[in-house]
Amino acid sequence: MLRALILVLVLANTAYFAWSQGLLRAWGLAPAPQSEPQRVAQQIQPESLRLVAAASAPRGTVPTPAPAPVAVTQCVVAGPFEDAPSLAPLEEALRTSLPTTVWTLERLDEPARWIVYMGRYTDPETLRKKRAELAALKLPVEAVRSAALAPGLVLGAFNTEAAAVSALERLVSKGVRTARVVREYAAGQRQLLRLPTLDPALRPQLDTLAPLLAGQPFRPC
């Protein structure tokens, strides 16, 4: 009886193996297919697909640093200064504090300069109030160049005395009361300090020159 049972189990296992492997498909005995051939049929040119590896930098390659910002240069001038022994301290300070390649003293042949002038003011507060009064009248002003007249204000500069007098008359009609016409410079040679390409890093050195500029600070060219 036991032998018969073992034989039945062996035959059953053999039959299941043959069925699961599709060996009995010819007699219509086989498991249902588990693949989805219709999805393969839906592929578009599958032979054109290629696997591409992502590119990477070679080992040891140093990334290229971003370019350093370019310093913005500016042209500035001061003066003109009278060609006199008093200019010698400024020249000496320039040679000491700045490279000789970044500054020049240009000789100028200038005509006489007549100005409509207000000053001299003995204290900064009075100068500030006068500036405020002129600003209220919408009149442009600039600092006087001549050390002998500084600190003071210039409401106009002219090559002749007659032109300066005419300008003063117009200003009086606008409410200006304490201005007068003076000759700031006689005709002659003077020197203009020019720094054509000033690097911002040199700005601190310019500040040290201020006491030697005779009240004529640096300004854009």
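Here are a few things to note about the model shown:
- Inclusion of residue 195 among residues that are surrounded by 13 or more Cβ atoms within 10 Å (Cβ to Cβ), farther than 19 Å from residue 144 by Cβ and in the same structural domain as residue 81 (by TED's automatic domain parsing) is warranted.
- Hey, residue 146 of a type in the set (S, T, N, Q) and either closer than 22 Å to residue 88 by Cα or crowded, with 17+ Cβ neighbours inside 10 Å (or both) or not: yes
- So residue 155, is it aliphatic (A, V, I, L, M) and in a strand (DSSP E or B): yes
- Matching residues in the range 108-166 - criterion: being of a type in the set (Gly, Ala, Ser) and in contact (Cβ under 8 Å) with a residue 12 or more places away in the chain: 112, 119, 143, 146, 147, 150, 152, 156, 157, 163, 164
- Test result for residue 207, within 25 Å of residue 131 (Cβ to Cβ) and within 26 Å of the chain's Cα centre (by Cα): yes
The rows are residues; the columns are (1) part of a loop (DSSP other than H, G, I, E, B); (2) over 19 Å from residue 106 (Cα atoms).
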| site | (1), (2) |
| --- | --- |
| 181 | no, yes |
| 191 | no, no |
| 197 | no, no |
| 201 | no, yes |
| 204 | no, yes |
| 214 | yes, no |
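- Among the residues of the range 162-174, none qualifies, meaning not one is assigned to a strand (DSSP E or B) and modelled with pLDDT under 95.
- Residue in the range 87-142 that is surrounded by the most Cβ atoms within 10 Å (Cβ to Cβ), counting only those that are aromatic (Phe, Trp, Tyr) and not in a loop (DSSP other than H, G, I, E, B): 117
The values are calculated or read from the model by the stated rules, or taken from the named source; none is laboratory data. Given the structure is predicted, the values throughout are model-derived calculations rather than measurements. Every residue, glycine among them, receives a Cβ derived from its backbone with ideal geometry; neighbour counts consider all protein chains shown.
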